[in-house]
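The values are calculated or read from the model by the stated rules, or taken from the named source; none is laboratory data. Note that the coordinates shown come from a computational prediction; the quantities given were computed from them, not determined experimentally. Don't worry about glycine lacking a Cβ; one is built from the backbone with ideal geometry, like all the others, and counts go over all protein chains shown. Ligands, DNA and RNA are stripped out before the accessible areas are found, and what is left, the full protein with its side chains, is counted by its heavy atoms. Shrake-Rupley method; radii C 1.70, N 1.55, O 1.52, S 1.80 Å.
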Amino acid sequence: MSTLILPYFEEIAVFFESPTSTLVCTSTTNNTNALTLRDLAWCHRGKTFYVLRGTIGATNNRTEEKVVVKVIVPLDGRKDKAVRRLYDEYDVYQALAELQGDCIPRCYGLYEGIAGGEFVSCLLLQDCGRKISELNVDAPGLWMTRWVFRERVMRSLERIHHYKVDYGFFHGDFDTDAVVVDETGRPFIVDFDEASEHDGCDEKSIAFHTMPLPTEDIECQELYDAAVLMQAWRTPIFIFYDEFVTVEDAKDIGKLVRIFSQHHTGEEALRIAHEIQETIQLDNEERMANGYRESKV
């Protein structure tokens, strides 16, 4: 029987009866030797979970390794839903087993136990580094990273979507915080608690440094939105009122009015057009004033 032992950690003291107690969780997914997590450090807290960093000590068949443990917080009626999402996230990692350690973290198992009289579930994952916002304080967006880095992130996301010939996975919540970076600068995609399986989408890779794809050529909305987020194309794209607008579009008030007249009155379309031009002008002035520091990734 496999167990995960979590020493007392003051940030989640609500889980424990005393500072000397430990949390022993039985694995629901494997039969490896008992694992003891030490050197715990606070990472962050979600609505129904805590994320901690720690180290798994060396055993006969495992070397010492840094890990992340996602601990579900029992929170009233949402406990069952949160636990189900954790199980679903584990299932996604298992389904993407061939990508583990390459472009997504390795998954070491799902654990359950009792802490302070409360039921607790834990997902144990490889620690693949820090979020971009932690590394690039002055340039926290994915679109502010180097071109080669952004392209690696896109190729990783495409591998998740095109995992097999006839199926893959939507990430479901892809944004800058869904990417972490290891010590060598390699990106990993994380947080699959909202992922879902699909029947596969077009296997063409989204080309960088080209003109934007026409909206009618969109094969996969999530990949297209990711390309917009990363500003993959030569002409930056913005989203206003659920419409994609390029910088070139924004220079032409008449073109903006035509774009937004499809779903708005003429007067509203004109108001939106002026709002867009003012917004982009202010954004550019702010960037010029503040300047950009080179991204660390």
Odd one out for Cys25, checked against (1) in a helix (DSSP H, G or I); (2) at pLDDT below 65: (1)
Residue list for the stretch 136-174, restricted to those being part of a helix (DSSP H, G or I), open to solvent by 50 Å² or more (accessible area, probe 1.4 Å) and touching a strand residue (DSSP E or B) at 6+ places or on another chain (Cβ under 9 Å): Arg152, Arg159
Pairs with Cβ under 7 Å, 6+ apart, first in the stretch 232-248 and within 18 Å of Ala269 (Cβ to Cβ) and open to solvent by 40 Å² or more (accessible area, probe 1.4 Å), second at pLDDT 75 or above and not in a helix (DSSP H, G or I): Phe238/Val245
Scope the stretch 118-134; condition among the aromatic types (Phe, Trp, Tyr) and either under 14 Å from the mean Cα position of the chain (by Cα) or modelled with pLDDT of 85 or more (or both); matching residues: none
Residues satisfying the stated conditions in the stretch 175-193, i.e. open to solvent by 10 Å² or more (accessible area, probe 1.4 Å) and part of a loop (DSSP other than H, G, I, E, B): Asp175, Asp182, Glu183, Thr184, Gly185, Arg186, Val190, Asp191, Asp193
Residues satisfying the stated conditions in the stretch 107-117, i.e. aliphatic (A, V, I, L, M) and modelled with pLDDT of 75 or more: Leu110
Residue in the stretch 195-205 that is most open to solvent (accessible area, probe 1.4 Å), counting only those that are at pLDDT below 85 and not basic (Lys, Arg): Asp199
Residue check for Arg287: modelled with pLDDT under 85 and of a type outside the set (S, T, N, Q): yes
Checking Asp173 against (1) over 19 Å from Glu98 (Cα atoms); (2) touching a residue at least 24 places away in the same chain (Cβ under 8 Å), the condition it does not meet: (2)
Within the stretch 62-88, considering residues that are at pLDDT below 85 and of a type in the set (Asp, Glu), the one least open to solvent (accessible area, probe 1.4 Å): Glu65
